[in-house]
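J.: Handing you a structure now.
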Amino acid sequence: METVLSGIRSTGNLHLGNYLGAVQNFVKMQYDYNCYFFIADYHSLTTHPKPEDLHNSVRQVLVEYLAAGIDPEKSTLYIQSDVPEITELYLLLNMNAYLGELERTTSFKDKARQQPENVNAGLLTYPVLMAADIIIHKADKVPVGKDQEQNLEMARKFARRFNNMYSVEYFKEPQAFNFGKELIKIPGLDGSGKMGKSEGNGIYLADDEAVIRKKIMRALTDSGPIKPNSEMPEYIKNLFTIMEIVSTPDTVQFFKDKYASCEIRYGDLKKQLAEDVIKMLAPINKKIKEIDSDSQYLSKVAKMGAEKARESASKTLQEVREIIGFRKFW
Ligand code: TYM
């Protein structure tokens, strides 16, 4: 059975991009694959969260993962920092990760630009920790959005390098995954770029209906096309990108035709989009509220996940130590 692993950083509530890029369709794989879903709380330290914020974010992501349909009995749902084996593998992989390649990573360059006062070594070695997350369970497939493609490429590189260095065929090369299709990028509502946790341009799974309507109605549009069949500006394309995922093909075609004939009313498009997003998120939103009030259940789930994840991780780590040449003298 193939192994699937999906991770989300604990830096705030899950947004529609996280859900569509790395959760929605993958919860369906729980019954056919050996699935790991985890909360990357070590990764969130790269932005120096306050202790309370860190704790609350981890809890929130756990709640939202469960509300999105992860079955903790079937899948292994765990918190990264509950599995210290990951940090040891990270240390070992760091010995074969080179400054030049880490500095060239797009996400490092972006972060260094965004937080010039805090360009820490954790940011630099972020892809190494991510590789450790993935290969510690020997994952075959890693559901991710487009933004993580390069990190997956690095994970393959580190896995390959380990095998070459020790002349073994030990680690597999994990593949970024989205059901054989292109990886997706859900755009933000502010007209440019991707929906992100820190960009303030997102729809969150925990948003109630009124908030979702308000956010979508405020998304950037204009007075509409003047010439038939004209090219769409980026911010209009973005609304269609979301619509193509959450609405029926008929609805999308209807508004595309209206656009082509210059009859489109963006107010109507946004109203429809808001209703379709609400329809998709309503059951999750309801479950978030239910699960959030059950701390006992959450602690049971986290403990069970930690135990299952550590079992797999410690087996890998023991074998890795052996391959590298750490053997006991006592
Ligand atoms: P993070 O927490 O930023 O995002 C979690 C997942 O959501 C996807 N995603 C998106 N997909 C489509 N459109 C968007 N606008 C969008 N925004 C986010 C991301 O691609 C990701 O799949 N480094 C990772 C967390 C991580 C990880 C891992 C993931 C740590 N270790 C190992 C997979 C495997 C991150 O920051 O994702």
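The values are calculated or read from the model by the stated rules, or taken from the named source; none is laboratory data. Everything numeric in this text was worked out from a predicted model, so none of it was measured. Positions of Cβ are backbone-derived with ideal geometry, glycine not excepted, and every protein chain shown enters the neighbour counts. When the accessible area is computed, the model is the full protein with side chains, heavy atoms only, and any ligands, DNA or RNA have been set aside. Shrake-Rupley method; radii C 1.70, N 1.55, O 1.52, S 1.80 Å.
J.: So if I check each of Leu77, Leu102, Leu129, Leu92, which one is outside any strand (DSSP E or B), in contact (Cβ under 8 Å) with a residue 60 or more places away in the chain, assigned by TED's automatic domain parsing to the domain that holds Val320 and in contact with a helix residue (DSSP H, G or I) (Cβ under 6 Å, 6 or more places away or on another chain)? Explain how you work it out, then say what you get.
T.: Details: Leu77 fails: outside any strand (DSSP E or B); Leu102 fails: in contact (Cβ under 8 Å) with a residue 60 or more places away in the chain; Leu92 fails: in contact with a helix residue (DSSP H, G or I) (Cβ under 6 Å, 6 or more places away or on another chain).
After ruling out the rest, the residue left standing is Leu129.
J.: Taking Gln80 as the residue in question, decide whether it is of a type outside the set (D, E, K, R), away from the ligand (no atom under 16 Å from the Cβ) and either open to solvent by less than 20 Å² (accessible area, probe 1.4 Å) or closer than 23 Å to Leu183 by Cα (or both). Explain how you work it out, then say what you get.
T.: Values: of a type outside the set (D, E, K, R): yes; away from the ligand (no atom under 16 Å from the Cβ): no; either open to solvent by less than 20 Å² (accessible area, probe 1.4 Å) or closer than 23 Å to Leu183 by Cα (or both): yes.
No; evaluated as a whole, the condition is false for this residue.
J.: Let me ask something additional. What tally of residues in segment 163-188 results from selecting those that are open to solvent by less than 20 Å² (accessible area, probe 1.4 Å), within 14 Å of the ligand (Cβ to nearest atom) and out of contact with any Gly (no Cβ under 9 Å at 6 or more places or on another chain)?
T.: Restricting attention to segment 163-188, the residues satisfying the condition of being open to solvent by less than 20 Å² (accessible area, probe 1.4 Å) are 163, 171, 174, 178, 186-188.
With the extra rule that they be within 14 Å of the ligand (Cβ to nearest atom), the set shrinks to 174, 178, 186-188.
Then keep just the ones that are out of contact with any Gly (no Cβ under 9 Å at 6 or more places or on another chain); that gives 174.
So the answer is 1.
J.: Check whether at least one residue in segment 129-138 is more than 9 Å from the ligand (Cβ to nearest atom), buried (at least 22 other Cβ atoms within 10 Å of the Cβ) and within 25 Å of Gln60 (Cβ to Cβ), and report yes or no.
T.: Step one: of segment 129-138, the residues more than 9 Å from the ligand (Cβ to nearest atom) are 135-138.
Narrowing further to those that are buried (at least 22 other Cβ atoms within 10 Å of the Cβ): 135-137.
If we keep only those that are within 25 Å of Gln60 (Cβ to Cβ) as well, we get 136-137.
Yes, segment 129-138 has at least one match.
J.: Which condition breaks for Gly191 when tested against (1) open to solvent by less than 80 Å² (accessible area, probe 1.4 Å); (2) without any contact (Cβ under 8 Å) to a residue 24 or more places away in the chain; (3) in a loop (DSSP other than H, G, I, E, B)?
T.: Only one criterion in (1) open to solvent by less than 80 Å² (accessible area, probe 1.4 Å); (2) without any contact (Cβ under 8 Å) to a residue 24 or more places away in the chain; (3) in a loop (DSSP other than H, G, I, E, B) is unmet by Gly191, namely (2).
J.: Counting residues that are closer than 24 Å to Ser312 by Cα, near the ligand (Cβ under 10 Å from one of its atoms) and at pLDDT below 95, which helices (runs of 4 or more DSSP H) fully inside segment 1-73 reach at least 1? Give the steps one after another, and end with the answer.
T.: On the way: elements: 16-22, 41-44, 51-67.
Filter on segment 1-73 gives 16-22.
J.: What about Ile86, is it in a loop (DSSP other than H, G, I, E, B) and either open to solvent by less than 20 Å² (accessible area, probe 1.4 Å) or out of contact with any strand residue (DSSP E or B) (no Cβ under 7 Å at 6 or more places or on another chain) (or both)? Explain how you work it out, then say what you get.
T.: Numbers: in a loop (DSSP other than H, G, I, E, B): no; either open to solvent by less than 20 Å² (accessible area, probe 1.4 Å) or out of contact with any strand residue (DSSP E or B) (no Cβ under 7 Å at 6 or more places or on another chain) (or both): yes.
Spelling it out, it is not the case that Ile86 is in a loop (DSSP other than H, G, I, E, B) and either open to solvent by less than 20 Å² (accessible area, probe 1.4 Å) or out of contact with any strand residue (DSSP E or B) (no Cβ under 7 Å at 6 or more places or on another chain) (or both).
J.: Out of everything in segment 194-231 that is part of a helix (DSSP H, G or I) and open to solvent by 30 Å² or more (accessible area, probe 1.4 Å), what residue ends up being nearest to Val144 (Cα to Cα)? Full working, then the answer.
T.: Applying the first criterion (part of a helix (DSSP H, G or I)) to segment 194-231 yields 209-217.
Narrowing the set further to residues that are open to solvent by 30 Å² or more (accessible area, probe 1.4 Å) leaves 209-211, 213-215, 217.
Details: Glu209: 27, Ala210: 29, Val211: 27, Arg213: 27, Lys214: 28, Lys215: 25, Met217: 28 Å.
Of everything passing the filter in segment 194-231, Lys215 is nearest to Val144 (Cα to Cα).
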